[in-house]
Amino acid sequence: MPTSLTITEHLAALATAGPRLAEFAATAGWDAAVPTCPAWDVRALVAHQAMVHRWSTAQIVGTDPDAVPNQTALQEHDDLAVYYNEGLDVLIAALRAAPEDLQAMTFLNDAPPPRQFWARRQAHETTMHAVDAQAAALGRTPTTSEVGVTTELAVDGLDELLCGFFTRGRSKLFDGEEYSFAVAPTDADAAWTVHVAERLTVSPGVAAGDVPALRGTAAALYLALWNRGDDIADGHAL
């Protein structure tokens with residue numbers, strides 16, 4: 001599962017999404033509902049992302065990840081906003097300082113080397129939760145154009161989602177009958193064919209034959225497949 005972005009580009013995405021999440025959370029307020037994560041309010045969202053940033057840093061620097069307070073405990077933190085911002089800064093610094101041959105745990109199929117894996121994973125994790133914070137500030141799911149994800153980041157995120165997440169474990173899409181579908185961005189030279197069986201597989205390109213396809217801009221597909229987008233009005237018909 002090679003990444004199409006450099007670690008510098010992933011760090012730039014993380015450094016953009018992290019403050020956006022904090023800004024939208026401040027606008028929405030701690031008790032605001034999160035339309036894209038109905039079980040959470042903004043406090044739970046920020047606590048979750050603060051926990052994930054610290055847990056990821058522990059994996060990178062080799063400290064005990066079990067020592068990181070869990071999401072429930074962090075919701076009671078005296079200054080969660082400061083804790084979140086400090087954890088984001090520490091994560092970015094850890095990734096910048098990590099050696100190219102970093103030895104650390106990874107958890108997706110066919111993952112890139114650990115330093116690249118963690119930069120990529122946290123870039124996309126934080127980008128999606130920034131969308132959640134934006135949804136809380138707006139009181140609705142934001143449109144693709146409002147989110148403003150670049151095509152390049154979206155393509156990389158689609159590849160991670162389809163090849164890394166979709167292929168883990170038993171397929172939740174399989175209902176006893178095998179089938180295939182393609183994911184084909186209209187604004188990028190990239191596509192994937194997903195074969196749904198008991199064990200889901202993904203291959204590059206669009207398979208020959210009559211294979212239905214999910215089409216739209218890379219950003220619209222990226223948001224939709226992470227359940228953060230239903231943007232049809234802008235022409236992103238899936």
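The values are calculated or read from the model by the stated rules, or taken from the named source; none is laboratory data. What you see is a predicted model; the values in this text were computed from it and never measured. When we count neighbours, we look across all protein chains shown, and the Cβ atoms used for this are built from the backbone with ideal geometry, even at glycine. Note: areas computed on protein heavy atoms with side chains; ligands, DNA, RNA excluded. Shrake-Rupley method; radii C 1.70, N 1.55, O 1.52, S 1.80 Å.
Looking for whichever is outside any loop (DSSP other than H, G, I, E, B), under 27 Å from T151 (Cα atoms) and not basic (K, R) here; the options are L88, L5. Which one fits? Full working, then the answer.
Details: L5 fails: outside any loop (DSSP other than H, G, I, E, B).
Result of the check over L88, L5: L88.
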S145: under 30 Å from A47 (Cα atoms), open to solvent by 10 Å² or more (accessible area, probe 1.4 Å), outside any loop (DSSP other than H, G, I, E, B) and of a type in the set (S, T, N, Q), yes or no?
yes
Of the conditions (1) among the β-branched types (V, I, T); (2) open to solvent by 30 Å² or more (accessible area, probe 1.4 Å); (3) closer than 25 Å to G229 by Cα; (4) assigned to a loop (DSSP other than H, G, I, E, B), T16 clears all except one; give me its number.
(4)
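Go through the stretch 34-65 and report how many residues are out of contact with any Gly (no Cβ under 8 Å at 6 or more places or on another chain), under 20 Å from R115 (Cα atoms) and assigned to a helix (DSSP H, G or I).
Taking the stretch 34-65 first, the residues out of contact with any Gly (no Cβ under 8 Å at 6 or more places or on another chain) are 34, 36-41, 43-49, 51-52, 55-56, 58-65.
So of that shortlist, the ones also under 20 Å from R115 (Cα atoms) come out as 49, 51-52, 55-56, 58-65.
Next cut, assigned to a helix (DSSP H, G or I) only: 49, 51-52, 55-56, 58-61, 65.
Counting residues in the stretch 34-65 that are out of contact with any Gly (no Cβ under 8 Å at 6 or more places or on another chain), under 20 Å from R115 (Cα atoms) and assigned to a helix (DSSP H, G or I) gives 10.
Among the residues of the stretch 107-140, what is the count of those that are assigned to a loop (DSSP other than H, G, I, E, B) and surrounded by fewer than 17 Cβ atoms within 10 Å (Cβ to Cβ)? Lay out the reasoning, then the answer.
Of all residues in the stretch 107-140, those assigned to a loop (DSSP other than H, G, I, E, B) come to 107-113, 139-140.
Applying the additional criterion that residues be surrounded by fewer than 17 Cβ atoms within 10 Å (Cβ to Cβ) yields 107, 109-110, 113, 139-140.
Looking only at that region, the number is 6.
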Would you call E152 open to solvent by 10 Å² or more (accessible area, probe 1.4 Å), at pLDDT 95 or above, acidic (D, E) and within 21 Å of the chain's Cα centre (by Cα)?
yes
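Give the stretch 170-226 a look and list any residue that's outside any loop (DSSP other than H, G, I, E, B), hydroxyl-bearing (S, T, Y) and more than 24 Å from H129 (Cβ to Cβ), or say none.
In the first step, residues of the stretch 170-226 are kept if they are outside any loop (DSSP other than H, G, I, E, B); the result is 179-185, 192-196, 201-204, 213-216, 218-225.
Still in the list and also hydroxyl-bearing (S, T, Y): 179-180, 193, 201, 203, 222.
Result: Y179, S180, T193, T201, S203.
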